[in-house]
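Before any comments, here is the structure.
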2 protein chains.
Amino acid sequence: MKISPLAPKSFPTLPEIDGLDCYTARAQYKEWDRCDLTFIKLCEGTSVAGVLTQSKCASHEVMICRKHLLHGHARALIVNAGNSNAFTGEKGRTACQAIISRVSNHLGCAEREIYISSTGVIGVPLPIDKANQGLDKIFNEKPCSWPQTAAAICTTDTFPKGVRSSAMIAGTKVQIAAIIKGSGMIAPDMATMLGYIFTDAAIDASFLQQMLNKANDKSFSCITVDSDTSTSDTILAFATGKAGNEKLSAFDDAGADAFMAALDSVCKEMAHLVVKDGEGASKFIEINVNGAANDDSAHIIAKSIANSPLVKTAIAGEDANWGRVVMAIGKAGEPADRDLLTIAFGHHRVAQNGGAIKGFDEALVTDYLKGEKIEINVDIGLAKGISTVWTCDLTYGYIEINADYRS
Amino acid sequence: MKISPLAPKSFPTLPEIDGLDCYTARAQYKEWDRCDLTFIKLCEGTSVAGVLTQSKCASHEVMICRKHLLHGHARALIVNAGNSNAFTGEKGRTACQAIISRVSNHLGCAEREIYISSTGVIGVPLPIDKANQGLDKIFNEKPCSWPQTAAAICTTDTFPKGVRSSAMIAGTKVQIAAIIKGSGMIAPDMATMLGYIFTDAAIDASFLQQMLNKANDKSFSCITVDSDTSTSDTILAFATGKAGNEKLSAFDDAGADAFMAALDSVCKEMAHLVVKDGEGASKFIEINVNGAANDDSAHIIAKSIANSPLVKTAIAGEDANWGRVVMAIGKAGEPADRDLLTIAFGHHRVAQNGGAIKGFDEALVTDYLKGEKIEINVDIGLAKGISTVWTCDLTYGYIEINADYRS
């Protein structure tokens, strides 16, 4: 698999997070020579929050995480790569349950403190014998590094993805390390988005959940590769509390704003990395909509542009085809007046007042579109609603990857 | 342009419709050697009905048709191919108005009796001098044939599209001829769907509208090529009244059921022809959803499957990837229970009771998927809602056509 042209030059140096250890092993869920089972051991007192797919056909793993999140405490995270265990009925449920029992026995903790994700082919029950053999191995492994862990959760990703940040909470420095896998909010059988955020900060679970929801609204909820939502998308945030800060539990606590800002930037960067590994992506596209009736309306319009195959193929072809942007605004169904729209690629305005801008220099725009990062800026001209959404272009690569993946 | 592999073997023999004449001419809206201006002259007393794009950025032409449809009478239809005149501000509006004045003067009728459509590149005002020269020519032309007319309204279509039918209304035989252009409900700048239905039956305009709405719900509203809705989609039905039947004005009139059935079949066939010329299409896909909470819910689920790039690429790859169908059902947001779904390709059931069907013969299914017409049959297992939607697969051809169209 060729590495995405949009991949960062290298994997960043992530901070060690006090209170957790990472382990990886070969469960051989597929016929491959790589680690595909991940175990992250978390210290007592770790709080947890999560956002999960809204699919009506969610996997067992998602349903288990949703149930366990009601309690807010975590002692371990297990990730299986190579098999999503989604749509696998009673057998899949049993396999999931067996892993959870075994890990909770090993750690001597409650089952509700174990979190689990699986990613890979759909419809094949997770082989419990392979999981058991994998767990036997992993319980005897030495801790491994962040790059090794980030690689072990990948499936068809073309590069491992890590993000770091830090924040000062009332004089105490806290660290954030995060890993994510995925090539979009896409297929259940190949490109589930799984992301995990770890911090040594002490944060009350319900407040961590509030902050994660807020960060999610401006990051993971604002990306799309191909409009296909996975059955297994999962983002979990774990806070070990080892940094020694006074526990955060509300937005007006000292340092909560700093942590929120750090979490926002981590989530946004994680989300961007997924788009940059979007299947077949050759360009990273930022869509800024302002002037809409309200923020929700702006978001729907921005998503409509981001999900339009015709807009995405135009960008792939480096074609300043603003007519397709008009079409995508029109089909969104939100308040818009053809004659009030302004459309620009980067800072190059191309259309205004219901028509093309007279004598705009198409060569300049075409030149701009040759870049790797493209902004589509739209002013609806009605009110003050704004939204930003990120996506990638639609190329032959997408068809190549998806027209023959499973067989 | 290679003709779609799904094209019918030949253009059908359409009946002459008493009360109308077709004319075509070269307006040279683009640098091409073909007729691109169409004028269909309709006799006095012709009633008309229409369904138009719901885009919030609809073209001038659509807005004019919408306004004129309030009156229900038609004397002429003008179609410009090669320029959509959409998003062209005051200039485009003026060009449109000039054509309408000229045609109404020529015929000595009211402006509200003239209908107009344009299709082609967006954002370039329709050149009024070319339109005028074209009209000068066309007013002196001899009437032409249906195949010539069907070809003149095409843009990037790979074949001209015609459909015929007839019905008995209380002992009087009435004829229907219809033409349509489009490669999907797609881009404003290349593939607007324009369809026109002509009958010699006598039908009250408001009743014709009721029947057209009904037929539309089960035909044009049930197709998708790439989920991108045009700014200019237009379907118009004209009834000249020359067949001499007693005028139809309600569903319980004698023969109304026969005409409704004929109209239904004509609209469905027209819609199918558009899908069969879907950009890059190699397979015609019928998606049948039953067992949903209600019909609307079934329609949303069927559209979610039909618009999923991952389902469409799987079919292109002849891959029985039912996991992607589960994903598309899950993301639709409608009531569904993973463990109650049944999924079949044609009559080959592949998944049931929350998992793959044990030992289903994948070779048989793969063989089925090598065909040109593929059925995806889904039973949600909840209630009695049903819907059928048609689409095509997503191939390299789509990217090829769209990544460099305008420039």
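The values are calculated or read from the model by the stated rules, or taken from the named source; none is laboratory data. The model shown is predicted, which means the values in this text are computed figures rather than measured ones. Cβ coordinates were reconstructed from backbone atoms using ideal geometry, including for glycine residues, and neighbour counts include every protein chain displayed.
Taking region A:16-28, which residues are of a type outside the set (D, E, K, R), surrounded by fewer than 24 Cβ atoms within 10 Å (Cβ to Cβ) and part of a loop (DSSP other than H, G, I, E, B)?
A:19, A:28
Looking at (1) on the phi < 0 side of the Ramachandran plot; (2) buried (at least 22 other Cβ atoms within 10 Å of the Cβ); (3) under 21 Å from the mean Cα position of the chain (by Cα); (4) assigned by TED's automatic domain parsing to the domain that holds residue A:200, find the lone condition where residue A:85 falls short.
Result: residue A:85 passes all but (1).
One residue is enough: does region B:355-374 have a residue meeting the conditions touching a helix residue (DSSP H, G or I) at 6+ places or on another chain (Cβ under 6 Å), farther than 24 Å from residue B:276 by Cα and within 9 Å of another protein chain (Cβ to nearest Cβ)?
Within region B:355-374, one or more residues are touching a helix residue (DSSP H, G or I) at 6+ places or on another chain (Cβ under 6 Å), farther than 24 Å from residue B:276 by Cα and within 9 Å of another protein chain (Cβ to nearest Cβ).
Going residue by residue through region B:43-50, is there one that turns out to be hydroxyl-bearing (Ser, Thr, Tyr), out of contact with any Leu (no Cβ under 6 Å at 6 or more places or on another chain) and surrounded by fewer than 17 Cβ atoms within 10 Å (Cβ to Cβ)?
Scanning region B:43-50, I find no residue that is hydroxyl-bearing (Ser, Thr, Tyr), out of contact with any Leu (no Cβ under 6 Å at 6 or more places or on another chain) and surrounded by fewer than 17 Cβ atoms within 10 Å (Cβ to Cβ), so the answer is no.
Mind listing whichever residues of region A:314-348 are facing chain B (nearest Cβ under 7 Å), aliphatic (A, V, I, L, M) and in contact (Cβ under 8 Å) with a residue 40 or more places away in the chain?
Residues satisfying the conditions are A:316, A:329, A:336.
Would you check which residues across region B:30-85 are out of contact with any strand residue (DSSP E or B) (no Cβ under 8 Å at 6 or more places or on another chain), away from chain A (no Cβ under 13 Å) and farther than 28 Å from residue B:140 by Cα and list them?
B:67, B:70, B:71 - these are the residues of region B:30-85 that are out of contact with any strand residue (DSSP E or B) (no Cβ under 8 Å at 6 or more places or on another chain), away from chain A (no Cβ under 13 Å) and farther than 28 Å from residue B:140 by Cα.
Return only the number of the condition from (1) outside any helix (DSSP H, G or I); (2) farther than 20 Å from residue B:23 by Cβ that residue B:91 does not satisfy.
Here residue B:91 meets the rest and fails (1).
Please identify the pairs in which a residue from region A:102-121 that is in the same structural domain as residue A:44 (by TED's automatic domain parsing) has its Cβ atom under 6 Å from the Cβ atom of a residue that is of a type in the set (Asp, Glu) and buried (at least 17 other Cβ atoms within 10 Å of the Cβ), counting only partners at least 6 apart or on another chain.
A:116/A:61; A:117/A:61; A:118/A:61; A:121/A:189
Find the residue count for region B:362-407, including only residues that are modelled with pLDDT under 90, touching a Leu at 6+ places or on another chain (Cβ under 7 Å) and part of a loop (DSSP other than H, G, I, E, B).
Residues meeting the conditions: 0.
Just to be sure, is residue B:248 touching a Pro at 6+ places or on another chain (Cβ under 9 Å) and either crowded, with 24+ Cβ neighbours inside 10 Å or within 30 Å of residue B:205 (Cα to Cα) (or both)? Before you say what the answer is, go through the steps one by one.
Working: touching a Pro at 6+ places or on another chain (Cβ under 9 Å): no; either crowded, with 24+ Cβ neighbours inside 10 Å or within 30 Å of residue B:205 (Cα to Cα) (or both): yes.
Spelling it out, it is not the case that residue B:248 is touching a Pro at 6+ places or on another chain (Cβ under 9 Å) and either crowded, with 24+ Cβ neighbours inside 10 Å or within 30 Å of residue B:205 (Cα to Cα) (or both).
Name the residue, out of A:117, A:104, that is under 18 Å from residue A:20 (Cβ atoms), of a type in the set (Ser, Thr, Tyr), away from every other protein chain (no Cβ under 12 Å) and out of contact with any Ser or Thr (no Cβ under 9 Å at 6 or more places or on another chain).
From the options A:117, A:104, the qualifying one is A:104.
If you go through region B:333-353, how many residues are surrounded by fewer than 22 Cβ atoms within 10 Å (Cβ to Cβ) and outside any strand (DSSP E or B)?
Adding up the residues that qualify gives 8.
Take region A:375-402 and flag every residue that is within 19 Å of residue A:316 (Cα to Cα) and within 11 Å of another protein chain (Cβ to nearest Cβ).
The answer is A:393, A:394, A:395, A:396, A:397, A:398, A:399, A:400, A:401, A:402.
When you scan region A:114-125, do you find a residue that is assigned to a loop (DSSP other than H, G, I, E, B), surrounded by 17 or more Cβ atoms within 10 Å (Cβ to Cβ) and not hydrophobic (A, V, I, L, M, F, W, C), even just one?
yes
Looking at region A:2-15, which of the residues that are in contact with a helix residue (DSSP H, G or I) (Cβ under 7 Å, 6 or more places away or on another chain) and either at pLDDT 90 or above or assigned by TED's automatic domain parsing to the domain that holds residue A:269 (or both) is surrounded by the fewest Cβ atoms within 10 Å (Cβ to Cβ)?
Result: A:11.
Within region A:304-313, work out how many residues are more than 7 Å from chain B (Cβ to nearest Cβ) and either touching a Phe, Trp or Tyr at 6+ places or on another chain (Cβ under 9 Å) or touching a residue at least 40 places away in the same chain (Cβ under 8 Å) (or both).
The qualifying residues number 5.
Results for (1) within 14 Å of chain A (Cβ to nearest Cβ); (2) out of contact with any strand residue (DSSP E or B) (no Cβ under 8 Å at 6 or more places or on another chain); (3) closer than 26 Å to residue A:308 by Cβ, shown as yes or no for each residue.
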residue	(1), (2), (3)
B:215	no, yes, no
B:237	no, no, no
B:245	no, no, no
B:255	no, no, no
B:272	no, no, yes
B:277	no, no, yes
B:281	yes, no, yes
B:286	no, no, yes
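For (1) closer than 26 Å to residue A:355 by Cβ; (2) not in a loop (DSSP other than H, G, I, E, B), each residue gets a yes or a no:
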residue: B:30; (1), (2): yes, no
residue: B:41; (1), (2): no, yes
residue: B:55; (1), (2): yes, no
residue: B:63; (1), (2): yes, yes
residue: B:67; (1), (2): yes, yes
residue: B:71; (1), (2): no, no
residue: B:79; (1), (2): yes, yes
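Would you mind finding the one in B:225, B:266 that is in a helix (DSSP H, G or I) and either modelled with pLDDT under 90 or within 14 Å of another protein chain (Cβ to nearest Cβ) (or both)?
B:266
May I ask you to list the residues in region B:142-156 that are part of a loop (DSSP other than H, G, I, E, B) and modelled with pLDDT of 95 or more?
Correct list: B:142, B:143, B:144, B:145.
Given the condition at pLDDT 90 or above, in contact with a Pro (Cβ under 6 Å, 6 or more places away or on another chain), assigned to a loop (DSSP other than H, G, I, E, B) and of a type in the set (A, V, I, L, M), answer yes or no: does some residue in region B:282-297 qualify?
Yes, region B:282-297 contains a residue that is at pLDDT 90 or above, in contact with a Pro (Cβ under 6 Å, 6 or more places away or on another chain), assigned to a loop (DSSP other than H, G, I, E, B) and of a type in the set (A, V, I, L, M).
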